[in-house]
1. Looking at (1) small (Gly, Ala, Ser); (2) at pLDDT 90 or above; (3) more than 11 Å from the chain's Cα centre (by Cα); (4) more than 18 Å from Arg16 (Cβ to Cβ), which is the one condition that is false for Gly52?
2. So in segment 108-140, with the set limited to residues that are part of a loop (DSSP other than H, G, I, E, B) and not small (Gly, Ala, Ser), which one is farthest from Glu81 (Cα to Cα)?
3. Select, from Glu77, Glu5, the only residue that is exposed (fewer than 15 other Cβ atoms within 10 Å of the Cβ), within 20 Å of Val136 (Cβ to Cβ) and at pLDDT 95 or above.
4. Counting residues that are free of Cβ contacts under 8 Å to residues at least 24 places away in the same chain and over 19 Å from Thr122 (Cα atoms), which strands (runs of 3 or more DSSP E) fully inside segment 1-91 reach at least 1?
5. Of these, Thr133, Thr122, which one is among the polar types (S, T, N, Q), at pLDDT 80 or above and surrounded by 14 or more Cβ atoms within 10 Å (Cβ to Cβ)?
6. So, in segment 89-119, how many residues would count as being modelled with pLDDT under 90 and polar (S, T, N, Q)?
Amino acid sequence: MATVELRFSALPEHVRTARLVAAAVARRAGVDEAVLDEVRLAVGEACTRAVGLHQSHEVAAPVRVVLIEEEKQFSIEVGDEAPHANGKDAPAAEAGAEADAEAEDEMGLAVISGLVDDVEVTTGEDGGRIRMTWPVSVAPVVR
């Protein structure tokens, strides 16, 4: 099992770099060429979501992307350290802003689910993680 880990400051301009790295590692792992655009788009959505969460919650920690190459599958985990509370104790003004952010978050997750068949989302007060998995259909490219 080969693993590549990428950490970047929660800034939108770094999302493109994460997308490019993910596509390159996926190609090397043997993910079908026809699926690479979906990998790129899904990673972009997941990283954009994580950056937005970090910025809205003023989290200084970096966004974490882990690319995992296994024998028959390739997985990407995008993690954030923003709290994912349900907002029950928030004042009314904050609750409205949180509802908007939650709706945007749900749309991003819907886009990811449309691009990736195997998605696992976990959230908690310490942060969240999106794990996306694709089958490996050809032998890995060795260069």
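1. (4)
2. The residue in question is Val138.
3. Criteria check complete, one pass: Glu5.
4. Values: elements: 2-8, 63-69, 73-80.
In segment 1-91, there are no strands (runs of 3 or more DSSP E) which contain 1 or more residues that are free of Cβ contacts under 8 Å to residues at least 24 places away in the same chain and over 19 Å from Thr122 (Cα atoms).
5. Working: Thr122 fails: surrounded by 14 or more Cβ atoms within 10 Å (Cβ to Cβ).
Checking each option against the conditions leaves just Thr133.
6. Number of matching residues: 0.
The values are calculated or read from the model by the stated rules, or taken from the named source; none is laboratory data. Please read these numbers as outputs of a predicted model, since none were measured by experiment. Cβ atoms come from the backbone with ideal geometry, glycine included; neighbour counts cover every protein chain shown.
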